[in-house]
1. Within region 69-134, what whole-number % of the accessible surface is contributed by carbon and sulfur, with the 1.4 Å probe and all protein chains included in the calculation?
2. Would you mind getting me the FRET efficiency between ALA16 and ASN140? Use the beta-carbon distance for r and R0 = 30 Å, nearest 0.05.
3. Take every Cα pair under 8 Å in region 4-226 that's 6+ residues apart, average their separations, divide by the length, and report that relative contact order as a whole percent.
4. What ranking, highest mean first, results for peptides 42-51, 19-28, 59-68 when packing means the other Cβ atoms within 10 Å averaged over each residue?
5. Distance between the C-alpha centers of region 172-211 and region 20-42? Whole Å please.
6. Hey, what do the phi angles of region 69-84 turn into as Karplus ³J(HN,Hα) couplings, whole Hz, using 6.51/-1.76/1.60 and θ = phi - 60°, x for Gly and Pro?
7. Could you give the nm distance between label points at SER54 and LEU125, where each point is 7 Å from its Cα heading toward the beta carbon?
8. Tell me the net charge near VAL61. Cut-off is 12 Å between Cβ atoms, VAL61 excluded, with +1 for each Lys or Arg and -1 for each Asp or Glu.
Amino acid sequence: MSVLIAASILAADFAALGDAIAAAERGGADFIHVDVMDGHFVPNITMGPPVVKSLRRVAAVPLDVHLMIEEPDRHIEAFADAGAAMISVHVEVLPHLHRTVHAIKALGAKAGVVLNPSTPVGAILEIAADVDYVLVMSVNPGFGGQTFIPRSESKVRDVRGLLDGAGNHAPVEIDGGIDRHNVARVVAAGARIIVAGSAIFQTPDPERATRELKAAALAAVTSPAAR
Ligand code: DX5
Ligand code: ZN
């Protein structure tokens, strides 16, 4: 599998999201990553289903919706109806994760589970065969522009091993502090969906930044170190 880029619009100008999406797509973004925050699970508040619905109208690529909210079960249907192709939920808030994962799939979206930096990989052992992707947080969720936590690299490797052990070829996604300098390390560790916000939208030329990030990611997957 090749490496795919998910451009996180959290770092974009919220008054011009259509322009931001178009620029990332011209640069080769494979997904638009939408960070949903509720002010409870994480300190920040961002956007909800009505915004996702509007983004769906202007985005050519699928929407990857990352729910950083306390009660995702109450909202997954609204996000699926709004046009989310991928919906990921945090294991930290879900005692009935198996039910939630299957509810997302029943709504026709890909189901992802997310691990905070302090959450052990073993938390997804029993669900490893059921998920469509696993998102490894490489910062504590809540804000863009934070520094990559180095231990995330070995965590990606461990999640890849867990999925392989379950016979599941689902991709590992990584989110937080990724740029064109550290992307090769996480790709070599097994990450195949790369979320980037600041490294794309906090630059003068988001189209070019997307293209350069993707090139760096793809170079790492074809290098011997990645095999
Ligand atoms: C953090 C979000 C990330 C964030 C990444 O809570 O889940 O998706 O937008 O932003 P950067 O790439 O700036 O770390
Ligand atoms: Zn995210």
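1. Values: 1430 of 2900 Å².
Solvent-exposed carbon and sulfur of region 69-134 make up 49 percent of the total.
2. Numbers: r = 28 Å, r/R0 = 0.92.
After rounding to 0.05, the efficiency reads 0.60.
3. Numbers: 463 pairs, mean separation 46.8, N = 223.
Once normalised by length, the contact order is 21 percent.
4. Details: 42-51: 15.5, 19-28: 19.5, 59-68: 23.0.
Packing proxy ranking, top to bottom: 59-68, 19-28, 42-51.
5. Between the Cα centre of region 172-211 and that of region 20-42, the gap is 12 Å.
6. With coefficients 6.51, -1.76 and 1.60, one gets 9, 6, 10, x, 4, 6, 10, 4, 5, 5, 6, 5, 4, 6, x, 5 Hz.
7. 4.6 nm
8. Details: positive: ARG26, ARG56; negative: GLU25, ASP30, ASP64.
Around VAL61, the charge tally is -1.
The values are calculated or read from the model by the stated rules, or taken from the named source; none is laboratory data. What you see is a predicted model; the values in this text were computed from it and never measured. Every residue, glycine as well, gets a Cβ built from its backbone with ideal geometry; the counts of neighbours run over all protein chains shown. What goes into the accessible areas is simple: the full protein's heavy atoms, side chains included, and nothing from ligands, DNA or RNA. Shrake-Rupley method; radii C 1.70, N 1.55, O 1.52, S 1.80 Å.
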